[in-house]
Amino acid sequence: MIYQFKLGPKQYPVEAQVVGEQLEALRIRNNGHLTPRAIVDGAAPESSPLHPLFEWDDRRAAKSYREHQAQEVLRMIVVRIPEQPIDADPVRAFVSVRIETEPVYTSIGTALGDDAMREQLLAQAMRDLVAIRTRYKDLQELAALFAQMLAAGRARRFEALTRRLARLSAEERRTLDEAAALIERIARTG
């Protein structure tokens with residue numbers, strides 16, 4: 001993997017490749033997950049390559065602030081996949097997912113390869129798109145794009161519902177059919 005920082009005003013005192021490799025090593029040591037706390041703990045020794053990324057003066061910053069810095073580092077590191085064309089855009093190297101109830105970070109490859117994590121990413125992407133649509137709904141130039149986004153969201157929800165229905169037992173399907181028939185009768189009789 002070739003790690004890079006996203007373009008932005010902040011400069012980091014450690015090369016992106018070193019940061020990405022260290023984060024990946026921490027992720028592996030932590031059962032495939034990264035948390036800001038694990039990053040701060042891993043960066044605490046002065047010998048750690050990640051150490052210069054954090055403010056260690058406890059008069060100026062508490063551990064929670066360093067965890068915030070760790071989240072920033074996770075959001076800023078991107079990766080280029082060597083097998084992809086040279087002009088392919090880099091993607092985030094680490095993404096946030098929930099394991100049970102705890103938010104953790106994992107590599108993009110791990111998240112995309114796991115059905116549950118991939119669903120979480122898709123759900124977040126749809127929430128982000130809805131937020132963008134809400135923010136820019138008055139721009140008529142984007143109306144066609146927003147219509148396509150809405151259709152994609154509906155199609156995704158339909159697919160998810162279809163998958164859930166396929167997992168129902170025969171008795172659950174009968175109960176659901178009976179409920180649908182009852183609702184239809186009530187609707188017809190007004």
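No value in this document is a laboratory result; all are computed from the given coordinates. In this text, all values refer to a predicted model and were calculated from it rather than measured experimentally. So basically every Cβ, Gly included, is an ideal-geometry build from the backbone, and we count neighbours across all protein chains shown.
Values computed for the structure shown
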read-out	value
Where Rh is the Kirkwood radius over Cα pairs, Rg/Rh for segment 2-108	0.97
Cα-Cα separations in the chain greater than 31 Å, expressed as whole percent	40 percent
GLU15/ILE86 FRET efficiency (R0 25 Å; Cβ-Cβ; nearest 0.05)	0.80
Nonlocal amide H pairs with PHE94, under 5 Å, H built at 1.01 Å	ILE108
Efficiency of FRET between THR110 and GLU159 - r from beta-carbon atoms, R0 25 angstrom, step 0.05	0.65
Surrounding net charge for PRO49, when Lys and Arg each add one and Asp and Glu each subtract one, Cβ distance under 11 Å	-3
At most 15 other Cβ within 10 Å, DSSP loop - chymotrypsin sites (Phe, Trp or Tyr not before Pro), segment 91-167	TYR136
Computed over segment 49-144, Kirkwood Rh from alpha-carbon pairs, angstrom	16.3 Å
